[in-house]
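The values are calculated or read from the model by the stated rules, or taken from the named source; none is laboratory data. A quick note: this is a predicted structure, and the numbers were derived from the prediction, not measured. No Cβ is skipped: glycine too gets one built from the backbone with ideal geometry, and neighbour counts run over all protein chains shown. Note: areas computed on protein heavy atoms with side chains; ligands, DNA, RNA excluded. Shrake-Rupley method; radii C 1.70, N 1.55, O 1.52, S 1.80 Å.
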Amino acid sequence: MSEELETERPDIREDGRRPPRAVVGSHRIEEEIFGKVFDSNIIRRIWAFVNPYRTKIYLAVAAVLAFTAMQLIIPLIIRYAIDNGMQPGNASHTVLYWCIAGFAAAILVNFVASYAQETLVGGVAEDVLFDIRRAMFSHLQRVSLSWMDKTEVGRLMSRLQGDVNSMQEFLETSVLSVGDITLLFGIVIVMLTLDFKLGLLTLSALPVLFIVRIFWLPRARKSFMAAHETNSIANGALAEAIHGVRAVQSMDRERINFALYDDKARANLMTHLSAARYAQVMVPIVDSLTGLAMALVIVVGGARVLNQALDVGVMVAFLFYIQRFFDPIRSLTLQYSVMQRAMASGQRLTEVLDVPVDIQDAPDAKTLSPDMDGSVEFRDVVFGYNPKHPVLKHVSFKVNPGETVALVGPTGSGKSSCMSLIHRFYDVQQGEVLVGGHDVRDLTQDSLGRQIAMVLQEPYLFTGTVFDNIRYHMKDASREKVIEAAKAVGAHDFIMRLPEGYDSILGQRGGNLSLGQRQLISFARALVADAKILVLDEATANIDSYTEMLIQKALVKLLEGRTGLVIAHRLATIREADRIIVLQNGELIESGNHAALMKNDKLYSKLYNLNYSSFDDIPEDVIEEAATEQAT
Amino acid sequence: MSSDTTVRAVKPSASLALAKAAGWGKGLSILTRITVMAFRHPWQAGAAIGATLIASAFQLTIPRLLGQAVDNTQVALTGGAAGQAAQDALLTTALLLLGASVLRGIFTLVQNYYSEAVGHHMGYRLRLACYEKIQRLSFSFHDSIHSGDLITVGLLDLEGVRMYFSTALVRVFLLSMLIGIGAYLLISTDLVLGLLALSFVPFVGWRSSVTQLRLRATWLDLQERLSVLTRVMEENLGGIRVVRAFAAQNHEMEKFDAASQSAVSLAHQRVGIRVANTSAMTLSFFASMGLVLWVGGLKVISGEITVGTLTSFLTFMTILQMPVRQLGLMVNAFARASTCGARLFELLDLEVAIRDRKGAPELKVTEGTLCFENVGFAYPSAETNEVLTNVTFEAKRGETIGIVGPPGSGKSTLAHLIPRFYDVGSGRITIDGQDIRDITLQSLRRKVVVVQQDSFLFTTTIENNIAYGDPWAQESRIERASESAQLHNYVLGLPTGYETVVGERGVSLSGGQRQRLSIARALMLRPAVMVFDDSTAAIDAATESRIRSAMRRYAADRVTLIVAHRLSSLMHADRILFMEDGRIVESGTHDELIAAGGRYKALYDLQVRPGDDGRDDALTA
């Protein structure tokens, strides 16, 4: 059988050597899973999402109460039938029929109530779940980019999924626990009413169970968490083996990894066995208590029946109730953990929802007309992601309509920040950025975005067809327009070579295309967006010379008739620009065309004369040298 | 991955979902196989099943005892000698009931614990088998399958198989005991009443099975829809700059709403299915109970049966209710184990395409000569033509060979054949005269190392990553390799130095840093053949030249192959092979090839910085 292992587990520990520098899988310390049991602030926030559905929730609670009442009444009907319909001597068909009728009515109510309750609760929980998720997602569309930059996508996803799901669980179970509590109290009350002494005696089993659960719960939970954790560790290691299989094989690490994985899988086995022991140990305890309660009812109850103090039917009803009354205790103690988990999740959800939105349209924001001239101007701009450390220091320049300007400078000189400011990804601390003659803060973000097309350094594509990627959000872009754009940037040929042409599905992030091809598609996307202004961050990664050629050609096409601002890395692009702006440490140090700058004999000409084919090939220390030389 | 491999990835990916079409026979053989696996733990499996039988036997005595207790009370009421006896019997019954309950509890514990234990032990073995298989399967398999699918098999399908014993097999024993013997006891007591008491069983069992199977089908559909939603959210957040750059927030919200709506509507549907079913099951159960009360009540009045018998019937029904309702879960567990098992076993049964020949000797490196003899190769699943045709060349120890050519010309493929990531289609590759297919993989891969363009870093410390192939290496060696790869200074600049965790969940390195790390990692193996598969593309030219000079020290001991786009990376090679359409079309030193004025020269002209007179060359070519 193939589940027999082909490899013996090698001994990597006990051969006298020190332990290897090797691990498989990684383990991130889990976030706080349990919070306070009750946090009124969070409950209030969650309630805001439930509020629109409150009628349904009230109905559901009513249905739960009706359902619970029926659970209580059914044994009572049986009791009544036995005591008043079937007792030798005073047997009565009429009473029996009435009881049957009552029983039928009760089960119909029970049917309707359980149907209503489950439909309402299930439906509302799903709706609320999606509402919360939508609210968060929509909020994330507006929070500042600097916050997004600081936050891992994986973390946000676990908010949008794990945390939202635990809220759903909470909603579902809290309505049901209303039923549990009612049932518990109902049983207690009915038992005490039927026979106070017997009831009291039987119920004495309850506190015992409560106390046992209270001692059991924290230990059991610890053990369940350990099982959960070792499970995710082992799964993580498996995922790593799958993703890194090529590296594993080429470094011949299979044997060592297998031994390391064995440790994790074994730990997983052990914690699960221990968790199973904890989970199952409650079974005989509950069963014994049930048995004890029943035995008490029989002995004590039987004696009381003989003393004429009790009817046989009551004894039967007691026996029925006993079989039911441990259930609510079990689910209520579980509910405790659900509550804690929900509070921790709710805390994290509200944190996301409360991230302030820095950049908002001014109340009287104007729409940027497509007929604006397409000029871009920086006036004495001071900006820093952290206001204490400005990245741009009093930068002023103007890009005239139709002009192409290349931004040049070493890493960290502020090129990318300029680009972000034009689009108002951030607000300046001082000075102003003007597009088409308007301060970007006076314009609606939407209209501003429509007039600025951006091509980022790393081409980012979405899962979907090539066609959808090129037209992206321009839903009225026709197929002809898309093909025209693709042809213009030279992407048409390779697109047609894909199995389905424009309808080929691109894998995640365009994974089935080469970097250069993805670049060309992102060019076509910018072309379809047809904006007055093009902001482009040239790719630095090494692309093969053949694709590179296509890209250079496409760039010319893309800039035709547009105002262009290019963060340029390649000398060819830089020399083609109408004007070059050289930034260093956030300051504009020179500007002019290639010939003028060469004469200027400052940083630009120094770097140029180093004879590298691209500014990115120049090692940092050489740049530094040239820069300090120029500064002195 | 290089551009060569990206072209390949376009072809439809194979999947492990063939099992969908499997018929009953196949399903049965899979279940048998899982059952056999479960009984590999005979002691635990036996304990689980034995305890199940005993626990359900005790379970069955409880309604009888309760009925007896009621009857005893009734009889005792009548007084007299019989009454006194009944009164004494009451105490006995109570004690028996207590004993039965305690024993039932204990045996249920044994049943549950051991059936889970069997599952966990199976899970453990299967995990190891899966892990081992995945590690061993060759590149062509991993190329053909989406890693997400493989993770699904290793996580979810394995879980489905693991749960089989406790949720499917043991339940069969439990249910047949309860229903079978219970039915016998009831019917033998009173035929009509027994049938009435059991009348809910077929309906509830059927409803529950049908519903569970429907829920299962829609569950898979829901997972699919949720994964679309996940992808929409993930891509949006990952590409938030693009979204903002195009002011496409509204478009993205529409995408989100569409995906979200599709998932929520199915979720509502599922709630509907579930609820309709549970309410119907409850109703039918209580309806049978009502009938038993009615008919039984009449029988009590007419003196045919006692109140105790009626009580035991009613109690028996409450006991039977839960397991019968869960019949659907059992049916579902069988269905799940069968489909999950099909996929899991398909993976475990796969032949490892590239493995050692029986009795293969280890590679013995003497001269250190690498030789390609008429090598031809085509990717197994591609319908396209050969990627390599008649490739022949020889490289001696100490030589550096540069390989260059347009995208898709087969450069990377050539590199991947040397450590046997794939096997040649025709011809052979030898190292010192030994065909690489005739020696052990382990010895080959320790001597041939390929540095990939985009190599996988493991989420662990930099130190562990560098020592990946030689985890027992001395610290000083790790630092030396890191120095040669021009990584050492960068690492020293990090607050935690070599202890810094990198990889998916660690500090993110730039492309160039990652490449330098993977060069250091490769150096640790002291390979006889070292292949750079476009692995310096993201490293700036100056650093690259420093790496090159650092490695010159060791270059005399090995064959070095450099695959690159950037000519400056390989201009210095002893020999340069220019590849096109899977063939070597030009070969010689840089100067020779420039002088020859062929394709290499054309590429060279394209790449070197055009002079001021020829500035438009690149744009008009």
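The single condition among (1) at pLDDT 85 or above; (2) away from chain B (no Cβ under 13 Å); (3) within 29 Å of the chain's Cα centre (by Cα) that A:I181 does not satisfy is (3). Among residues of region A:263-288 being buried (at least 20 other Cβ atoms within 10 Å of the Cβ) and among the charged types (D, E, K, R), the one that is farthest from the other protein chains (Cβ to nearest Cβ) is A:K264. Scan region B:548-575 for residues that are surrounded by fewer than 21 Cβ atoms within 10 Å (Cβ to Cβ) and among the aliphatic types (A, V, I, L, M) and the total you get is 7. Checked against the criterion of being more than 9 Å from every other protein chain (Cβ to nearest Cβ) and not in a loop (DSSP other than H, G, I, E, B), the candidates B:R420, B:R446, B:R428 yield just one match: B:R428. Restricting to region B:471-487, name every residue that is buried (at least 19 other Cβ atoms within 10 Å of the Cβ) and in a helix (DSSP H, G or I). Of everything in region B:471-487, those that are buried (at least 19 other Cβ atoms within 10 Å of the Cβ) and in a helix (DSSP H, G or I) turn out to be B:I478, B:A481, B:S482, B:S484.
Screening B:A263 on (1) within 30 Å of B:I187 (Cβ to Cβ); (2) open to solvent by less than 10 Å² (accessible area, probe 1.4 Å); (3) more than 7 Å from every other protein chain (Cβ to nearest Cβ) shows it passes everything except condition (1). Among the residues in region B:391-398, are any among the aromatic types (F, W, Y), more than 14 Å from chain A (Cβ to nearest Cβ) and touching a Phe, Trp or Tyr at 6+ places or on another chain (Cβ under 8 Å)? Checked region B:391-398: at least one residue is among the aromatic types (F, W, Y), more than 14 Å from chain A (Cβ to nearest Cβ) and touching a Phe, Trp or Tyr at 6+ places or on another chain (Cβ under 8 Å).
Among the residues making up region A:243-253, those that are crowded, with 22+ Cβ neighbours inside 10 Å and closer than 20 Å to B:R127 by Cβ are A:G244, A:V245, A:V248, A:Q249, A:R253. Inclusion of B:I462 among residues that are farther than 25 Å from B:S138 by Cα, out of contact with any His (no Cβ under 8 Å at 6 or more places or on another chain), touching a residue at least 24 places away in the same chain (Cβ under 8 Å) and open to solvent by less than 20 Å² (accessible area, probe 1.4 Å) is warranted. Residues in region A:370-408 that are open to solvent by less than 60 Å² (accessible area, probe 1.4 Å) and assigned to a loop (DSSP other than H, G, I, E, B): 8 in all.
Quick grid of which residues meet (1) touching a residue at least 60 places away in the same chain (Cβ under 8 Å); (2) acidic (D, E); (3) farther than 30 Å from B:Q269 by Cβ:
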position	(1), (2), (3)
B:F165	yes, no, yes
B:F173	yes, no, yes
B:M177	yes, no, yes
B:S188	no, no, yes
B:L196	yes, no, yes
B:V232	no, no, no
B:G238	no, no, yes
B:N250	no, no, no
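Determine if region B:535-543 includes at least one residue that is within 38 Å of the chain's Cα centre (by Cα), closer than 30 Å to B:K364 by Cβ and open to solvent by less than 30 Å² (accessible area, probe 1.4 Å). Yes, that holds for at least one residue. Going by the structure shown, is B:G99 more than 7 Å from every other protein chain (Cβ to nearest Cβ) and over 23 Å from B:F58 (Cβ atoms)? Here the answer is no, as B:G99 does not meet what is asked. Any idea which of A:L296, A:L334, A:L319 is closer than 30 Å to A:L217 by Cα, within 12 Å of chain B (Cβ to nearest Cβ) and open to solvent by 20 Å² or more (accessible area, probe 1.4 Å)? Only one candidate qualifies: A:L296. The single residue among B:I562, B:I547, B:I576, B:I539 that is touching a Lys or Arg at 6+ places or on another chain (Cβ under 8 Å) and modelled with pLDDT of 85 or more turns out to be B:I547. Considering the conditions (1) open to solvent by less than 40 Å² (accessible area, probe 1.4 Å); (2) assigned to a helix (DSSP H, G or I); (3) within 14 Å of chain B (Cβ to nearest Cβ), A:V482 is excluded by exactly one of them, (3). The residues on offer are A:I233, A:I214, A:I187, and the sole one that is open to solvent by less than 60 Å² (accessible area, probe 1.4 Å) and not assigned by TED's automatic domain parsing to the domain that holds A:V50 is A:I233. Do you know which residues across region B:146-166 are over 11 Å from the mean Cα position of the chain (by Cα) and open to solvent by less than 20 Å² (accessible area, probe 1.4 Å)? Answer for region B:146-166, where residues must be over 11 Å from the mean Cα position of the chain (by Cα) and open to solvent by less than 20 Å² (accessible area, probe 1.4 Å): B:G160, B:V161, B:Y164, B:F165. A:F111 satisfies every condition listed in (1) assigned to a helix (DSSP H, G or I); (2) of a type outside the set (A, V, I, L, M); (3) touching a residue at least 12 places away in the same chain (Cβ under 8 Å) except (3). Is there a residue being assigned to a helix (DSSP H, G or I), open to solvent by less than 20 Å² (accessible area, probe 1.4 Å), farther than 23 Å from A:A488 by Cα and assigned by TED's automatic domain parsing to the domain that holds A:Q430 anywhere in region A:550-565? Within region A:550-565 (the criterion being assigned to a helix (DSSP H, G or I), open to solvent by less than 20 Å² (accessible area, probe 1.4 Å), farther than 23 Å from A:A488 by Cα and assigned by TED's automatic domain parsing to the domain that holds A:Q430), the answer is no, since none of the residues qualifies. If the condition is being open to solvent by less than 80 Å² (accessible area, probe 1.4 Å), at pLDDT below 90 and either within 12 Å of chain A (Cβ to nearest Cβ) or touching a His at 6+ places or on another chain (Cβ under 8 Å) (or both), then region B:491-513 contributes B:V501, B:V502, B:G503, B:G506, B:S510, B:G511, B:G512. Condition first: of a type in the set (A, V, I, L, M) and in contact (Cβ under 8 Å) with a residue 60 or more places away in the chain. Now tell me which residues in region B:254-275 satisfy that. Once the filter is applied, which keeps residues that are of a type in the set (A, V, I, L, M) and in contact (Cβ under 8 Å) with a residue 60 or more places away in the chain, region B:254-275 yields only B:I273. Scanning region A:409-422 for residues that are buried (at least 22 other Cβ atoms within 10 Å of the Cβ) and either in contact with a helix residue (DSSP H, G or I) (Cβ under 6 Å, 6 or more places away or on another chain) or part of a loop (DSSP other than H, G, I, E, B) (or both) yields A:G409, A:S413, A:G414. Do you know which of the residues in region B:268-295 that are within 9 Å of another protein chain (Cβ to nearest Cβ) and not hydrophobic (A, V, I, L, M, F, W, C) is nearest to A:G85 (Cα to Cα)? Among those that are within 9 Å of another protein chain (Cβ to nearest Cβ) and not hydrophobic (A, V, I, L, M, F, W, C), it is B:G290. Within this structure, A:R518 fails the test of being part of a helix (DSSP H, G or I), among the basic types (K, R) and closer than 16 Å to A:A406 by Cα.
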